[in-house]
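The values are calculated or read from the model by the stated rules, or taken from the named source; none is laboratory data. Being a predicted model, the structure only gives us computed values, none of them experimental. Backbone-built Cβ (ideal geometry, glycine too); neighbour counts: all protein chains shown.
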Amino acid sequence: MYKIRGKILNSRIETIESKSGDTFEKMYLTIEETDTGFSHKHQFEIFGKESIALQKDKVKVDRYVNIEFYIKSNEWKDKFFNTLNIKNIILEDDIVMPDQVYDNVDENDNTPF
């Protein structure tokens, strides 16, 4: 299993219908890695309604998270395609994002700090 830290850029849920008529859900989550100093973006995947339901409340844009994931590879026509599957999302609630610093300021508050 691998771990990565980053900021959530976006997420979307896609419903897929199989040939047999069954439907499945996938959640795609894009994060920007913050620990390397470069702006590497990675797209992760959560498969299945139950797995999505467990992680859905943790997914909010601009939130910093630690993601535990594994890599799944598929070969097709002598080419390999990799998928980053999320096992767990860990929130970093103690980190204040720069654009939230001034959102909670009460203008009627007369405290010096």
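Among the residues of the stretch 33-50, write down those that are among the aromatic types (F, W, Y) and in a strand (DSSP E or B). Within the stretch 33-50, F44, F47 meet the criteria.
When I95 is tested against (1) surrounded by 11 or more Cβ atoms within 10 Å (Cβ to Cβ); (2) modelled with pLDDT of 90 or more, only condition (2) is not met.
So that you can scan it fast, the table gives a plain yes or no per residue for (1) more than 13 Å from the chain's Cα centre (by Cα); (2) at pLDDT 90 or above:
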site	(1), (2)
K3	no, yes
G6	no, yes
K19	yes, no
M27	no, yes
E32	no, yes
Q43	no, yes
K77	yes, yes
N82	yes, yes
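Considering N74, N66, the condition of being over 17 Å from I8 (Cα atoms), out of contact with any Ser or Thr (no Cβ under 7 Å at 6 or more places or on another chain), of a type outside the set (D, E) and in a strand (DSSP E or B) is satisfied by N74 alone. One residue stands out in the stretch 38-74 among those that are touching a strand residue (DSSP E or B) at 6+ places or on another chain (Cβ under 8 Å) and over 21 Å from K7 (Cα atoms): the one that is surrounded by the most Cβ atoms within 10 Å (Cβ to Cβ), namely K49.
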